[in-house]
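To start, the structure under review is shown below, and the notes come after it.
The values are calculated or read from the model by the stated rules, or taken from the named source; none is laboratory data. These figures come from a predicted structure and were not determined experimentally. Heads up, the Cβs are rebuilt from the backbone with ideal geometry, glycines too, and the neighbour counts pull from every protein chain shown. The accessibility values were calculated without ligands, DNA or RNA, using every heavy atom of the protein model including side chains. Shrake-Rupley method; radii C 1.70, N 1.55, O 1.52, S 1.80 Å.
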Amino acid sequence: MMKQRTKNIIDTIIAVIIAAIFLFPMYWIIISSLKSDTEIFAQVQTWFPKEIHWENYIEQFQNKSNTANIFVQFKNSWIIAIGSMVLSLVLSIPAGYGLSRFKIPGKKPILMIFLTTQMLPCSLVLTPLFLIYNKAGLLNTYLAPILATATISIPFVIMVLRPIFMECPKEIEEAARIDGCNYFTAFLRVTLPICKSGIITAAAFSFIFAWNDLVYSITFNNKGELLPMTSGIYQFLDAYGTKWNMIMAYGVIIVLPIVVLFVCLQKYIVGGLVGGAVKG
């Protein structure tokens, strides 16, 4: 009993240390966002601002121009992230289910292609996508970054959902079909609710991929009223220097929705990741 208690204490201490290491950058961003530039670059660094500068946040909401209006950028980020997430789920859920349930010729090469696409840098596909979107008339629209970010998340979502669908017992679907459901209704009413945690996990990561996008958005859009929040950091870079306290405050505002998302969905995300790690 004493050994088990000692082990639990040691594990807790290790977990706290690891959590502190991972959370320290976020803490430093927050306190830097409340400092002046002079204090940020002082020789002796402070662990808490000597004087809190709330104006670093207030100024973020005072710019009313179309190119740097935080409310417009916030709306654009939500439109792009939600659009990409919905598109990814609509395409990835059937694909993941099909790869887990049916004997498909060339299944292993297909999965290998999905893995390979995750290794490709965004810069490699920028030019082909730009030419395609230009011919299709999609430049300077929300659809261009939505489609582009979906190309990143779809392979990832399929790889996450496939083992989760494999864990769902086939007997439950067969019982639903005996009760009168066809394949499609059994999938909707039985399989999807059982795999809810995995789907929420996939949706959360798909949302994050699109929310954090910068390259696709600034490449396919040159209209200020269509740019997302990630592009707003450039407004604090000028010929006279960089306003690091303003950048840190802006960074906190960008990260806040993601933090809230993970806090609200943490039990589903943890369950989905665990469920997806059982079978490959």
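Sorting check: for 199-207, 110-118, which peptide has the highest mean count of neighbouring beta carbons within 10 Å, and how do the rest follow?
Per-residue Cβ counts within 10 Å, averaged per peptide and sorted highest first, yield 199-207, 110-118.
With Rg and the Kirkwood Rh both taken from Cα atoms, where does Rg over Rh land for segment 1-77?
Rg divided by Rh gives 1.25.
Provide Met246, Met2 ordered by accessible surface of protein heavy atoms (probe 1.4 Å), highest first.
Met2, Met246
Whole-Hz Karplus ³J(HN,Hα) for segment 16-28, in order, using 6.51 cos²θ - 1.76 cosθ + 1.60 and θ = phi - 60°, x for Gly and Pro?
Values per residue, Gly and Pro as x: 5, 5, 4, 4, 5, 5, 6, 8, 4, x, 5, 4, 5 Hz.
Set Lys and Arg Cβ to +1 and Asp and Glu Cβ to -1, take the dipole of segment 1-149 about its Cα centre, and tell me which of Ser32, Phe74, Ile14 lies farthest positive.
Ile14
Counting Lys and Arg as +1 and Asp and Glu as -1, what is the net charge of the other residues whose Cβ lies under 13 Å from the Cβ of Pro94?
+2
Can you give the convex hull volume per residue for the Cα atoms of segment 103-149, as a whole number of Å³?
Looking at segment 103-149, the number lands at 106 Å³ per residue.
Ignoring everything except DSSP H segments at least 4 long, calculate the 222 nm mean residue ellipticity for the chain; use -39,500 (n - 2.57) per segment, divide by total residues, nearest 500.
About -22500 deg cm²/dmol.
Of the listed values (i) 0.92; (ii) 1.23; (iii) 1.04, grab the one calculated as Cα Rg over 2.2 N^0.38 Å from the structure here.
Computed from these coordinates, Cα Rg over 2.2 N^0.38 Å corresponds to label (ii).
In sequence order, what are the phi-derived ³J(HN,Hα) couplings for segment 120-131 according to the Karplus relation 6.51 cos²θ - 1.76 cosθ + 1.60 with θ = phi - 60°, rounded to whole Hz, with x for glycine and proline?
So the Karplus estimates, Gly and Pro as x, are 6, x, 4, 4, 5, 9, 4, 5, x, 5, 4, 5 Hz.
If packing is taken as the average number of other Cβ atoms within 10 Å across a peptide's residues, how do 127-140, 13-26 rank, most packed first?
Output ranking for 127-140, 13-26: 127-140, 13-26.
To the nearest 10 degrees, how steeply does helix 70-101 sit against the main Cα axis of the chain, on a 0 to 90 scale?
Tilt of helix 70-101: around 20 degrees.
How large is the dipole of the chain about the Cα centre if only Lys and Arg carry +1 and Asp and Glu carry -1, each at its Cβ, rounded to the nearest 20 debye?
Charge dipole of the chain: 940 debye, to the nearest 20.
Could you work out the local net charge near Ala249, counting Lys and Arg as +1, Asp and Glu as -1, over the other residues with Cβ closer than 13 Å to its Cβ?
-1
Summarise the accessible area of the chain (1.4 Å probe, protein heavy atoms) by the percent that is carbon and sulfur.
71
Give me the accessible area per residue for the chain, probe 1.4 Å, as a whole number in Å².
Each residue of the chain exposes 59 Å² on average to a 1.4 Å probe.
Sort Asp37, Asp179, Asp213 from largest to smallest accessible area, using a 1.4 Å probe on the heavy atoms of the protein chains.
Descending order: Asp179, Asp37, Asp213.
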